[in-house]
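Read the structure below first, then the notes.
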Amino acid sequence: MIDWHSILSKTEFKDPRELLIDRYCEKRLSMREIALEFNVTLPTIRNYLNRLGIKTRERGGDNSTKAVDISLEDYESMTYEELSKKYGVSPWMIWKRTRGFPLKRRRS
């Protein structure tokens, strides 16, 4: 359950639907990012989006078609988390885009 009164009091929005449209549709935040902001679970956000009639995006969002050209030098010197921050995609997408690269060596 979301404490909408508390959340809305910290924003310029008057109702939850407007706030969710702003975060999910206009700012294109993921459900996970919204859940973290509101301190609730991802399924809670998904349920509210559905209840309020807000159409959800396909899984993977914009990352699934985003061109990511990762250099071998970056791949060898950075962790998946560091690469995901640098290239603006998820660690999963980094792994997916680097499957043909040599195996990563463990850092000592």
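We did not get these values from a lab; they are worked out from the coordinates using the rules stated. Every value quoted in this text rests on a predicted model; they were computed, and no experiment measured them. All Cβ positions, even for glycine, are placed from backbone atoms using ideal geometry, and neighbour counts span all protein chains on display.
Things to note:
- Which numbered condition Gly88 misses (of (1) of a type in the set (Gly, Ala, Ser); (2) at positive phi; (3) touching a residue at least 24 places away in the same chain (Cβ under 8 Å)): (3)
- Tally of residues being in contact (Cβ under 8 Å) with a residue 24 or more places away in the chain and of a type in the set (Lys, Arg) across the range 1-37: 2
- For the range 81-98, a residue qualifies if it is of a type in the set (Phe, Trp, Tyr) and either within 12 Å of the chain's Cα centre (by Cα) or under 12 Å from Asp69 (Cα atoms) (or both), and the qualifying residues are Tyr87, Trp92.
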